[in-house]
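Data first, discussion second: the structure below is written as structure tokens.
The values are calculated or read from the model by the stated rules, or taken from the named source; none is laboratory data. What you see is a predicted model, and the numbers here were worked out from it, not measured in a lab. Glycine gets a Cβ as well: all are built from the backbone with ideal geometry, and neighbour counts include every protein chain shown.
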Amino acid sequence: MRQQQNERRALSQAGFTLLEILVVIAILGLLIGLVAPAALRQLGGARTSVARQSIERLASVLDLYKLDVGSYPTTDQGLPALSVRPAGISTWNGPYLKGEAQPLDPWSHPYTYASPGRGGREFELCSRGPSGTATDEASGLICSK
């Protein structure tokens, strides 16, 4: 009988008190509050890096297009000219990109393309950043060099 009472007492004292659970939740909340912002900053920086690398890759593909056709696609033809033969181009040797959809930046916005580009460049290829509306580098615009 005494052994059963001891077992019941041991079982009733097993587990966590409300105070112990609240302390653990508070510690987890503090950790999440400190770590989450740093992780989100890293994610934003990674997307910017991916956008820059994608722009450079697309610029290389545009160079291949120019080698075959003799000029970069016009602004009206845009980046779809890398996937689908533009009308009137006989030396097109594509597709230069897989799929027929226009390439998207890491924020799922289409890249902007213009030929000729600003400042005397042959073309300009840009990502308008996370908002999709950036107009200069200060607001998140990322362009080819």
Legend entry - Tally, over region 94-145, of residues that are assigned to a loop (DSSP other than H, G, I, E, B), within 20 Å of V84 (Cβ to Cβ) and among the β-branched types (V, I, T): 0
Legend entry - Test: R47 is among the basic types (K, R), touching a strand residue (DSSP E or B) at 6+ places or on another chain (Cβ under 9 Å) and in contact (Cβ under 8 Å) with a residue 12 or more places away in the chain: no
Inset, instruction - Pick out the one residue from L64, L22, L31 that is modelled with pLDDT of 85 or more, more than 30 Å from S115 (Cβ to Cβ) and part of a helix (DSSP H, G or I). - result: L22
Inset, instruction - Just one of (1) surrounded by 11 or more Cβ atoms within 10 Å (Cβ to Cβ); (2) in a helix (DSSP H, G or I) trips up T74, so point out which. - result: (2)
